[in-house]
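Notes to accompany the following structure.
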Amino acid sequence: MRIAKLAGGADTLASEMDQTTENKEPQWAMELSDNIYTIDDAHLDAARSVKIASLRALADDQINACARNYYLVYAKQLDAGVVAIEHILNKKF
C-alpha cells in the first residue's frame, strides 16, 4: 500500500500509530489503525486495540448524543468481536 511505503514501511506506520495514541490524537490514530489493518497482519491486535481506544476517546469528547452513541457502540462491537474489522474492510483471509 502506498501509505505504508510513504511512511517507511508497516513497522514505521505502526510506530506512528502508537505515538499518536500517546499524544492523544484519537482521530489520527484511528486512521492509522485502519491502514495497518489493510496492509499488515503482524500488527492486527495492536491496531484493533488502538481503534477501540480511539473510538472511546472520541466518544468522551463528543457533545452530540447520537455521535457519542455511535462511537461507543462501534467500540463495544469491536471489543466483543461482534463486528470483525476484516469484514468492514473487505479483507479476505
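Quick note: the coordinates plus some simple rules give every number you see, no bench work behind them. As the structure is a computational prediction, the values presented were derived from the model and not from experiment. Please note: Cβ atoms are built from the backbone with ideal geometry, for glycine as well, and neighbour counts cover all protein chains shown.
Per DSSP H run of at least 4 residues, take -39500 (n - 2.57); add these up for the chain, divide by its residues and hand me the 222 nm value, nearest 500 deg cm²/dmol. Don't skip to the end; give the middle numbers.
Values: 6 runs with 71 residues, N = 93.
The helix contribution divided over the chain gives -23500 deg cm²/dmol.
Restricting the calculation to Cα positions, tell me the Rg (one decimal) and the Dmax (whole number) of the chain in Å.
13.1, 39
Size of the dipole of the chain about the Cα centre, Lys and Arg at +1 and Asp and Glu at -1 on the beta carbon, nothing else charged, in debye to 20? Intermediate results must be reported in sequence, preceding the final value.
Details: 10 positive and 14 negative charges, 70 e Å.
With only Lys, Arg, Asp and Glu charged at Cβ, the dipole is about 340 debye.
Highest first, please rank the peptides 26-37, 62-73, 43-54 by the mean number of other Cβ atoms sitting within 10 Å of their residues.
On the way: 26-37: 20.5, 62-73: 12.6, 43-54: 18.9.
Per-residue Cβ counts within 10 Å, averaged per peptide and sorted highest first, yield 26-37, 43-54, 62-73.
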